[in-house]
1. Can you work out which of the residues in the stretch 53-76 that are over 17 Å from Pro30 (Cβ atoms) and touching a strand residue (DSSP E or B) at 6+ places or on another chain (Cβ under 8 Å) is surrounded by the most Cβ atoms within 10 Å (Cβ to Cβ)?
2. If you take the residues of the stretch 100-122 that are surrounded by 16 or more Cβ atoms within 10 Å (Cβ to Cβ) and either acidic (Asp, Glu) or in contact with a helix residue (DSSP H, G or I) (Cβ under 6 Å, 6 or more places away or on another chain) (or both), which of them is modelled with the lowest pLDDT?
3. I'm checking my understanding of the structure. Among residues of the stretch 77-88 that are outside any loop (DSSP other than H, G, I, E, B) and touching a residue at least 24 places away in the same chain (Cβ under 8 Å), which one is surrounded by the fewest Cβ atoms within 10 Å (Cβ to Cβ)?
4. Among the residues of the stretch 32-52, which ones are open to solvent by 20 Å² or more (accessible area, probe 1.4 Å) and either closer than 15 Å to Gln96 by Cβ or hydrophobic (A, V, I, L, M, F, W, C) (or both)?
Amino acid sequence: MVVLPQHHRGEFAEIPLPSHQPKPTEPEHPIVLQLLVSSDGTLPTLKINSQAVAWEDLEGRLKEIFQPRFERVAFLKGDPEVDFQYVADALDIARQAGVDRIGLMDADSAETKDMNMGELKR
């Protein structure tokens, strides 16, 4: 009796499966959350790009903006006179709304001046 080893033909290969996530068709405009000093000295005024938003509507509006996005990145820009507690509150609300990464900007940075802060698409 003769014993022969089993021969496998070919190699094992893992073929990538197609992604089921939709791919963005055009570059997404950056989202900049701005905290502006209010004229009456109370809560800072909030803007998402150029649209004013109330503090109580911020989380819902951010969820609405970031839910369909592939990259959930936002930038936060606060006036130097704004108390840091309000900046921390805005960061916390953005994280709760699903923003994965948040970049902090100052008023004098070159990125701030070059950033396209156009209208938001609904």
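The values are calculated or read from the model by the stated rules, or taken from the named source; none is laboratory data. The structure displayed is predicted, hence computed values, not measured ones. Every residue, glycine as well, gets a Cβ built from its backbone with ideal geometry; the counts of neighbours run over all protein chains shown. Just so you know, the surface numbers come from the protein's heavy atoms only, side chains and all, with ligands and any DNA or RNA stripped out. Shrake-Rupley method; radii C 1.70, N 1.55, O 1.52, S 1.80 Å.
1. Checked the stretch 53-76; the qualifying residue surrounded by the most Cβ atoms within 10 Å (Cβ to Cβ) is Leu58.
2. Looking only at the stretch 100-122, we keep the residues that are surrounded by 16 or more Cβ atoms within 10 Å (Cβ to Cβ), and these are 102, 105, 115, 117.
Now narrow it down to the ones that are either acidic (Asp, Glu) or in contact with a helix residue (DSSP H, G or I) (Cβ under 6 Å, 6 or more places away or on another chain) (or both): 102, 105.
Details: Ile102: 93, Met105: 90.
Among residues in the stretch 100-122 that are surrounded by 16 or more Cβ atoms within 10 Å (Cβ to Cβ) and either acidic (Asp, Glu) or in contact with a helix residue (DSSP H, G or I) (Cβ under 6 Å, 6 or more places away or on another chain) (or both), the one modelled with the lowest pLDDT is Met105.
3. Step one: list which residues in the stretch 77-88 are outside any loop (DSSP other than H, G, I, E, B), which gives 77-78, 84-88.
Checking the rest, the ones that are also touching a residue at least 24 places away in the same chain (Cβ under 8 Å) come to 77-78, 86-87.
Values: Lys77: 22, Gly78: 21, Tyr86: 16, Val87: 18.
Top of the filtered list is Tyr86.
4. Scanning the stretch 32-52 gives Leu36, Val37, Leu43, Ala52.
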